[in-house]
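J.: Sharing a structure below in structure tokens format, with a few things to ask.
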Amino acid sequence: QVQLVESGGGLVQAGDSLRLSCAASGRTFSSYPMGWFRQAPGKVREFVSAIHWSGGRTLYADSVKGRFTISRDNAKNTVYLQMNSLKPEDTAVYYCAAKRAYTDYVGPYDYWGQGTQVTVSS
């Protein structure tokens, strides 16, 4: 079982930056593909970004490409989402997720955090 705890959300203005963090439990973090998803009010949860367990491959939704960067620090069991040039439409609850060890970073995720709120004012 993997436990995930997100942090770093908050209220910012359009154009600002935020960095979300997700701390994971377990000794095999380096083997987990990791992802970020978000859910805006009244909308379904959507994919934001993912990083391969090797850290060598990343994937982004078109809506955030060029503005968001996902990274991981296996020594700290943490994955990050650096969000720049934030827009009001980025407002959502952001969730960290993990997949089972050594699986592909696309497809359904197995473990989820509780989420952190990001609000971007215009």
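J.: Could you calculate, for the chain, the ratio of the Cα radius of gyration to the Kirkwood radius, expressed as Rg to Rh? List each step's numbers first, then the result.
T.: On the way: Rg = 13.4 Å, Rh = 14.1 Å.
Answer for the chain: 0.95.
J.: Checking the a/c ratio against 1.5 first, then a/b against b/c, what shape does the Cα gyration tensor give for segment 27-98?
T.: Values: a/c = 2.23, a/b = 1.74, b/c = 1.28.
Prolate.
J.: Top mean-square fluctuation among 100, 45, 27, Gaussian network model of the chain, C-alpha springs under 10 Å?
T.: 27
J.: Then there's this: Taking θ as phi - 60°, what are the ³J(HN,Hα) couplings along segment 90-101 by the Karplus curve (6.51, -1.76, 1.60), each to the nearest whole Hz, with x for Gly and Pro?
T.: Karplus-based 3J(HN,Hα) across segment 90-101 equals 7, 4, 4, 8, 9, 10, 8, 9, 10, 10, 4, 4 Hz.
J.: May I ask which residue of 96, 118, 56 lies farthest towards the positive end of the charge dipole of segment 21-122, with charges of +1 (Lys, Arg) and -1 (Asp, Glu) on Cβ and the Cα centre as origin?
T.: 56
J.: Next up: In percent, what relative contact order does the chain have, based on Cα pairs under 8 Å that are 6 or more apart in sequence? It would help to have the intermediate numbers written out before the result.
T.: Values: 311 pairs, mean separation 44.6, N = 122.
Computed value for the chain: 37 percent relative contact order.
J.: Mind listing the phi-derived Karplus ³J(HN,Hα) values for segment 47-55, rounded to whole Hz, using 6.51, -1.76 and 1.60 with θ = phi - 60°, and x for any glycine or proline?
T.: Residue by residue, segment 47-55 yields 6, 10, 6, 8, 9, 4, 4, 6, x Hz.
J.: Would you kindly work out the equivalent ellipsoid of segment 1-43 from its C-alpha gyration tensor and give its semi-axes, the square roots of five times the eigenvalues, largest first in whole Å? Walk me through the numbers on the way to the answer.
T.: On the way: eigenvalues 131, 36, 17 Å².
With the √(5λ) rule applied to segment 1-43, the semi-axes are 26, 13, 9 Å.
J.: For residue 10, what charge total do you get from the other residues with a beta carbon under 11 Å from its beta carbon, if Lys and Arg give +1 and Asp and Glu give -1? It would help to have the intermediate numbers written out before the result.
T.: Working: positive: 19; negative: 16.
For residues surrounding residue 10, the net value is 0.
J.: Using a 1.4 angstrom probe on heavy atoms only, work out the carbon and sulfur share of the accessible area of the chain in %. Numbers along the way, then the final one.
T.: Working: 3010 of 6240 Å².
The C+S portion of the solvent-accessible surface of the chain is 48 percent.
J.: Moving on. Please report how far the C-alpha centroid of segment 1-45 lies from that of segment 58-77, rounded to the nearest whole angstrom.
T.: One Cα centre to the other: 10 Å.
J.: Enumerate the residues in segment 27-55 having an amide nitrogen under 18 Å from the point lying 7 Å beyond the Cα of residue 104 toward its Cβ.
T.: The answer is 32-36, 47-55, whose backbone nitrogens lie closer than 18 Å to the label point.
J.: Which value, in Å², gives the accessible area per residue of segment 42-102 when a 1.4 Å probe is used on the protein heavy atoms? Could you put the intermediate results ahead of the total?
T.: Numbers: 3080 Å² over 61 residues.
I get 50 Å² per residue for this part.
The values are calculated or read from the model by the stated rules, or taken from the named source; none is laboratory data. All of these numbers come straight from a predicted model, not from anything done at the bench. Here Cβ is always computed from backbone atoms with ideal geometry, including for glycine, and neighbour counts include all displayed protein chains. Side chains are part of the model used for accessible areas, which takes the heavy atoms of the whole protein and leaves out ligands, DNA and RNA. Shrake-Rupley method; radii C 1.70, N 1.55, O 1.52, S 1.80 Å.
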